[in-house]
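Chemist: Pasting a structure below so you can have a look.
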Amino acid sequence: MKTIITLFTIFFLSFQCSRFQFGSNQTKDETAGAVITFLQGTILISTQGKEIQAKLGDVIRPGDRIVTKLGRVDLQTYRGEVIRIKDNSDVLFREIAGQSRQNTDIHLWAGNLLVKSVKLKSGQNLSVTSPTMVAGVRGTVFSFELEKGSVPKVKVYEGAVAVAFKTSPKLIEINEGLSKENYNRLVKTLEENEVVLEPGECLEVNPNLNELVYLINAKVAAGTLSGDELSGFIDFDSGLSKAGSAVTPQEKAEAETLVVIPSETVKKQIESQNTNSTEAVTTTIAKEHEEKRFEALNKITADAEKTGLDNEEEIHNHYSVLETIHKSNGEILSGAVVAQLGDIFIVHSTKGVFQLEMNDIEYVEYKNFKVKTKTKK
């Protein structure tokens, strides 16, 4: 299939090149970058051999790496993509689009991303990769999750995402350790297996094949792959597939909190990074993001109110969870946490829908466990 061959060709080349020059490009583009528009908790940036703690307004360049611990961060690129990096994530920005650079390529080593793309023009690309997978998008909202020892998880909220295995072209040179039949099945499965996910669909991955692709990529990169190591993998009849996975009200709400600030502000911050005039722009970023996220939170609140749900059974059926919110003033609400952004929680309870600050909440109690948002005094 022409589309699949093209997709693999592009990412075969990017995979090989990126091993040696993350973020490098023959054409220097000072506008290639992304700006931190919102952050919470501890965020570390590795850039040019140094590790620094992230702050609002920082510019991320191609080749930079972000590690989140107990925190999360939102970034907006020069082109307008918005990327949320959640807790306990490790992300490498191999490419970031600018005026002349057409690609944004985000590599997820571990963790969870939520991505909102812009409508891309011909020749422009946005991709999220893991050690075994590549997801190419065009105007969409989706999540990409990778836990250690697990297969990648991709779910689409809006638009469409094409997902395929990412393997080295050297695979075609390696057929020792596999019978000819199994080798041919493996190559066919990898070359022909592309899944296009649409809203309300998630990725299903054959864990055996995912493990094999990981082995191939890691060993080929190190030049140590032995054909004998392939012999134990014979389950090649299936690779990628998709399944229905309805977008939950909480997921829909979180996607709405992925707000976009005016592109002029982002561009000005990127272009003025190497000057001493960025403080005023950073203040503007904080103000504009605050305005946009309050608009988003108000819309989420209004949408929850429109459902008219006012008893525990209805709330549980709608949100698939029932929680008890213990407020700092002693009041107890029964319902569900719909969304959280920063220190603001939206709670849909039997008494109504409320926006509560973190300091207003002592803890949230679930059926079998508790998550404390504040230590009791």
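Chemist: Looking at this model, which pairs from Lys86/Lys351; Lys86/Lys268; Lys69/Lys292; Lys86/Lys287; Lys69/Lys148 are more than 20 angstrom apart at the alpha-carbon?
Modeler: On the way: Lys86/Lys351 31 Å; Lys86/Lys268 26 Å; Lys69/Lys292 26 Å; Lys86/Lys287 22 Å; Lys69/Lys148 15 Å.
Among Lys86/Lys351; Lys86/Lys268; Lys69/Lys292; Lys86/Lys287; Lys69/Lys148, the Cα-Cα distance tops 20 Å for Lys86/Lys351; Lys86/Lys268; Lys69/Lys292; Lys86/Lys287.
Chemist: Calculate, for Gln53 and His318, the FRET efficiency according to 1/(1 + (r/R0)^6) with r their C-beta to C-beta distance and R0 25 Å; round to the nearest 0.05. The partial results should precede the final answer.
Modeler: Details: r = 40 Å, r/R0 = 1.59.
Efficiency, rounded to the nearest 0.05: 0.05.
Chemist: Note the full-extension length gain between Lys148 and Lys188 as 0.36 nm times their separation in residues minus their Cα-Cα distance, in nm to one decimal.
Modeler: Details: separation 40, 0.36 × 40 = 14.40 nm, distance 2.74 nm.
Additional length available on full extension: 11.7 nm.
Chemist: Moving on. Setting aside same-chain residues fewer than 8 positions from Lys242, which aspartates and glutamates have a Cα under 12 Å from its Cα?
Modeler: Glu194, Glu198, Glu201, Glu204
Chemist: Quick one: if the Förster radius is 35 Å, what FRET efficiency do Val196 and Ala221 give, using the C-beta to C-beta distance and rounding to 0.05? The partial results should precede the final answer.
Modeler: Details: r = 28 Å, r/R0 = 0.80.
Efficiency, rounded to the nearest 0.05: 0.80.
Chemist: Something else now. Kindly state, to the nearest 0.05, the FRET efficiency for Glu30 paired with Glu158, given R0 = 45 Å and r defined as their beta-carbon distance.
Modeler: Values: r = 32 Å, r/R0 = 0.70.
So the FRET efficiency works out to roughly 0.90.
Chemist: What does the charge count near Val118 come to, summing +1 for each Lys or Arg and -1 for each Asp or Glu among other residues with Cβ under 12 Å from its Cβ?
Modeler: Details: positive: Arg79, Lys116, Lys119, Lys121, Arg138; negative: Glu81.
Summing Lys/Arg as +1 and Asp/Glu as -1 gives +4.
Chemist: Under a Cβ-Cβ cut-off of 9 Å, what is the net charge of the residues other than Lys327 that fall near it, where Lys and Arg count +1 and Asp and Glu count -1?
Modeler: Taking every other residue near Lys327 into account, the sum is -3.
Chemist: Ser179 to Met358: extension gain in nm, 0.36 nm per residue of separation minus the Cα-Cα distance?
Modeler: Values: separation 179, 0.36 × 179 = 64.44 nm, distance 5.97 nm.
Between Ser179 and Met358, full extension yields an extra 58.5 nm.
Any read-out appearing in this document is the output of simple, stated calculations on the displayed coordinates, not a laboratory observation. Computed from a prediction, not measured in an experiment: that's the story for all the values here. FYI the Cβ positions are ideal-geometry reconstructions off the backbone, even for glycines, and counts take in every protein chain you see.
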